Amino acid sequence: MVFNIPKQTYNRAIISAKGDTIILEGDIDHNDPEVFIKPFFEKVLSQMHEVLIIDIRNLEFLNSAGIKCLLDFLKAKPTDTRVLIKSDKKKTWQQKSMAVIKSLDEENISLEDVDI
């Protein structure tokens, strides 16, 4: 199954899903990002398959409420779904936050730090 969820914009945040990849871009620094992220992640869960790539390389900021939304989503995924998170190694906040997220499921969540 392949994702085909159109790009959605909320303030300075952009989220989309194409192929096997979720793309988070811009700046997610809202009081309640769950308003737009949760419905998006629900669509993704309904189309979930064995491998999921989460690309945050062009995400400039993700506040703690946004990280919580991502954690909740990853906790709700099927346990055997493998997740690869692509991050920009120049953005130290991504390295720190994603390392915590990886600790949820070391067997099925991996990180790929790219220099862009």
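Return the percentage of antiparallel bridges among DSSP beta bridges fully within the chain, rounded to the nearest 5 %.
Numbers: 12 of 29 bridges.
Beta bridges within the chain, antiparallel portion: roughly 40 percent.
Size of the dipole of region 3-114 about the Cα centre, Lys and Arg at +1 and Asp and Glu at -1 on the beta carbon, nothing else charged, in debye to 20?
Roughly 200 debye, rounded to the nearest 20.
Relative contact order, percent, of region 3-114 when contacts are C-alpha pairs under 8 Å separated by at least 6 residues?
On the way: 182 pairs, mean separation 25.1, N = 112.
Contact order relative to length: 22 percent.
So which of 43/96; 18/75; 38/90; 43/89; 43/86; 43/75 end up more than 23 Å apart by C-alpha? All intermediate terms of the calculation are to be shown ahead of the outcome.
Working: 43/96 27 Å; 18/75 21 Å; 38/90 28 Å; 43/89 29 Å; 43/86 21 Å; 43/75 15 Å.
Too far apart for the 23 Å limit: 43/96; 38/90; 43/89.
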Mind jotting down the distance between the C-alpha centroids of region 12-54 and region 61-116, whole Å?
12 Å
Go through 52, 111, 26 and say which Cα lies farthest out towards the positive end of the charge dipole of the chain; charges sit on Cβ, +1 for Lys and Arg, -1 for Asp and Glu.
26
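We did not get these values from a lab; they are worked out from the coordinates using the rules stated. As the structure is a prediction and not an experimental result, all values here were calculated from the model. We place every Cβ from the backbone using ideal geometry, glycine too, and count neighbours over all the protein chains shown.
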